[in-house]
Every structure is written in structure tokens, then in C-alpha cells.
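Here the structure is laid out as C-alpha cells; the discussion comes afterwards.
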Amino acid sequence: MTEPGDIQDDSEPFEVSIEPEPAASRPEFEGMNVCRAAALSSMFSSDGEAVRQLAPELQEIGFAEQLRTGQRIWPDINALELFPNLRDQGLSDEGRNRVRLWQTLNETSQPQSASAFLVAVLGSELERESAAAAAAIWRPLASSDIPPPSMRSLRWFAHAWEDLYSTWRSMPFPHEWMRAWALPAPLDFDPYATDRPAMPWNPEQWTEIYERIISLPLDPYIAVSLLMQWRLQWAMRSPDSITRSLAMAAFLPGDDERSVHHTPTPPGKVIVPPEEAVSTMIHGTWGWRGGWWRPRSGDFHTFILNSHRPNLYSGGATYSWSGRYNVGDRRLAVSDFCAWAGEPAVAGQGIQTLFAHSYGGEVAVRAALAGAQVSELVLLSVPVNRHIRKVITDRPGIRVVDVRLRLDPVLALARNIRQRVPPGPNVASVLLKFWRLDHGATHKEHVWKKEAIAELGQI
């Protein structure tokens, strides 16, 4: 996924530790706590293998063995059981007891402890980690079969309404949140809208919102639902690209095993002479607004063209797709790409290397399965689903280079998504050496140079 605007480059590395003290809310620990929140989101999914694949990385950021090996996952948890006794957890105290909550989680491996830690991180003054916690909470809360709040809770909320409104009048989105207080309904957000103003982060304001709601005698479901929805609304309008990507990850599709894809046309042995073929790029979700992949203007396109693939397509008939986060749009994108690649004036001799980012990788892989003549796939932070597994086993003539973060918080927050490709004689895996948060780091020139991606992947 590439976020609208690509406002800044935040792909610099951060340090990690197995010690519990970095669970505290401090700027130097924020990257690690974003990854911890994202990993917990994966543990609320039904795919223990997705967790086990990340066991070495989860150990590096302090997860106990039962958690990092997928022995404890919590699918289908009732949301009313996730947030017990919020006020008793000390969440309104200074520091929100995060170190203690993190230690309790590792000692007990219980979903209630995971939820308490996430709710504590949700209240952080640090923009990215609070957004990651909101996205992690959204998935189990929105997908559970939750009964309506009790009438007692509703009466308490009515009594507190005047006090809340006096606080909310100066806050972001007061009218939207007065409508959305009761249920985790779909948020009022359109990633394709162009008229939404950016909302700069105000940590003091967020602390006031959080502490006011936590201190009220509300049903835990109502309190957490309010905080989570409010935080996601704010985060999705952030000027910070990483904050936006973490919030939007809550709405990315998982690996939809039920989706129907086109029956592949057997392409035979794929041999594409480099001197006659072209190479090209496919952006990911929301990536059509970004510029890194565009011929003649994109920074990553220019870097690859000048340094690694002089045959990178730079003509006028640029391929693009909607970037919308649904199966139907990706299916249409596959069909459109096959038609584009089949044009004699575009790629009449086939495609040597197809660079694809995030869900653009699914488009690329499905196009190869459907018969597009591709010699090499370079997958950049791509969700590993059945289409990728199939191209590795069924298309041994296609070389696959998999480039990704050590732990990609965007993919982890999306849940039920694996982050490691299966090994194969036609597969080269490049796992970045340094820890990074930026889902788009794998299409950044300076990251490619610092991490020697082209050399390691033999691209």
C-alpha cells in the first residue's frame, strides 16, 4: 500500500530490544511498540502460521515463546471480554502502566492482557503507536458478534453527555463522533477524496480525550469503541505518511481464499530475451496517487532505469489500476495488465522484470498465472497469499525475488496475511537487515543502496 500524497520519507531504521522497559511511551521506543501492536493484531487472527513465520523477529522485540510461536492465538474472541475493568488497569495513570501490562501479557499469554496493553498504547501521546493500537483493536471489535450495550450503560452515557460535549466542541470531528458513539460502524473516510483537510497531531488534545473517556463509568465496549474510532479518523488525515498507512491497514483485505480468479492459460516455458523485452512496475493499494512508479517522473522508476533495468518501460501508454482495496478491482487490474502487456507496441516480446509493490504484487502474480509472459517478479512488501504460493510451484520458469521488512506493521495489522514466501529453487528472499516501519521502504532508492537489495537479490 502506498498512501495518498507520499508527503515524507520515513523509512529510517530503529533499534529493538527484548527487554520490557521499552514498552514505555518514549520516542526512541515508538517503532518497536508499533510493531508490537501490529503483531498482537495478527495474534487475534485465525492464522497461527502467520505468527510462527515471524518468530525470530517477535523474539527480537520481546514476545514470550508461547506468543511468538503461534501457540496462543485468539480468533473469534467476544469483544465484550476483551476490555475488562478499564479503570482498574490504571490506564489513566502516568505512563499507563505499560511496562507492567507488557510483562503481564508475556507471563500469561491471555487475550485480556493483550487488549489491556493495546488500550494503554492507544492512549499514547506518540502519534504512530497510538494509531497502530487503534488499527489493531478495530479488527476484533468490528468483526465480533457483539450484542448492543446494556441500558444501564446507555443511561450512564446520557448523564455524561453534557460533560463530554463541552470537551468535544473544540476537538476534531465532533459531529461525526456524536453520531458514531454507540457502534463500530464503518468510519466516515474515503481514501480517494481530495477535499479532506489534513489534521496535524495534537498530543495534548488526544490525551484529554483519552483520559476523559477512560474516567467515565461507561461500558468498556462503548469506551474503547469511541476511542478507537476517533483515533482512526484522526490518523487517516495525518500529514505523516506512516501514521496514515497504519490506520488504513485496518481496512485492507486479508487473504480471501474464497475469491475466484481467472483460470490460468498455460504459458509454456518463459524465456524473455532482455534485449528485446521490457521491464515495468505495478503500484499497490492507493498507489496511483503516488509518484515513485511513474515513467519519466517517478524517483524509484528513475533509479531502476538508470541503475538496473535500462529496458524499464518509459513510453506513453502507462499501466495503472484503481488501487482500491477490494478483490473485484484487483481482478480487473489483472485483466487490464494482461491486455496492456499483450500489446505489440508495449511489450510485444514479453516482460523481463516486473517490479510490484504491496497488493500490486498480487496483480502481478495473477497476471503471470493468467499467461502474461514474465521472466522475473520482484515483489516489494507483498502480502503472501495463495496466488504467490501458486506461482512459485506452478511457474518454475519465473524467477521470484521477494523483498520485505523484517516485520511489516501494515501487513500485520491487516491480519490473516503471511509475510514470508515459501522457499523454492526459483525464489530469492531479501529480508531487510534494519528494522523499519515504512511499508513503502522497499521502493526507496536510499534503502536499496544501504541494504544492497539489488546485489542480494541478484537483480
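The values are calculated or read from the model by the stated rules, or taken from the named source; none is laboratory data. Just so it is clear, the structure is predicted and the values come from calculations on it, not from any experiment. Positions of Cβ are generated from backbone atoms using ideal geometry, with glycine treated the same way; all protein chains shown enter the neighbour counts. For the accessible areas, the whole protein counts, side chains as well, though only heavy atoms, and no ligand, DNA or RNA atoms are used. Shrake-Rupley method; radii C 1.70, N 1.55, O 1.52, S 1.80 Å.
DSSP beta bridges fully contained in segment 345-445 are about 5 percent antiparallel. 3J(HN,Hα) along segment 451-456: 8, 6, 5, 4, 5, 5 Hz, from the Karplus curve 6.51 cos²θ - 1.76 cosθ + 1.60 with θ = phi - 60°, whole Hz, x for Gly and Pro.
Here segment 273-421 is treated as a sphere whose radius is the Kirkwood value from Cα pairs; by Stokes-Einstein at 25 °C and 0.890 mPa s it diffuses with a coefficient of 160 µm²/s.
If the Kirkwood radius is taken over C-alpha pairs of segment 346-402, then at 20 °C and 1.002 mPa s the Stokes-Einstein diffusion coefficient equals 195 µm²/s. Working note: Karplus 6.51/-1.76/1.60 with θ = phi - 60° gives segment 223-235 the couplings 4, 5, 4, 4, 5, 5, 5, 4, 5, 5, 4, 5, 5 Hz, where Gly and Pro are set to x. Surface analysis of segment 273-351 yields an accessible area of 42 Å² per residue, using protein heavy atoms and a 1.4 Å probe. Dipole orientation for segment 337-396: of the candidates 358, 392, 340, 392 has the Cα lying most toward the positive pole (charges on Cβ; Lys, Arg +1; Asp, Glu -1).
Put the Cα centre of segment 385-437 next to the Cα centre of segment 21-53 and the gap is 19 Å. With K and R counted +1 and D and E -1, the other residues having a Cβ less than 13 Å from that of residue 333 yield a net charge of +1. 3J(HN,Hα) along segment 434-449: 9, 6, 9, 9, 6, 4, x, 4, 6, 10, 10, 4, 5, 5, 4, 6 Hz, from the Karplus curve 6.51 cos²θ - 1.76 cosθ + 1.60 with θ = phi - 60°, whole Hz, x for Gly and Pro. If you take the square roots of the eigenvalues of the alpha-carbon gyration tensor of segment 386-459 and sort them as a ≥ b ≥ c, do you get rounded (a/c under 1.5), prolate (a/b over b/c) or oblate? Oblate is the answer for segment 386-459, as a/c is 1.5 or above yet b/c matches or exceeds a/b.
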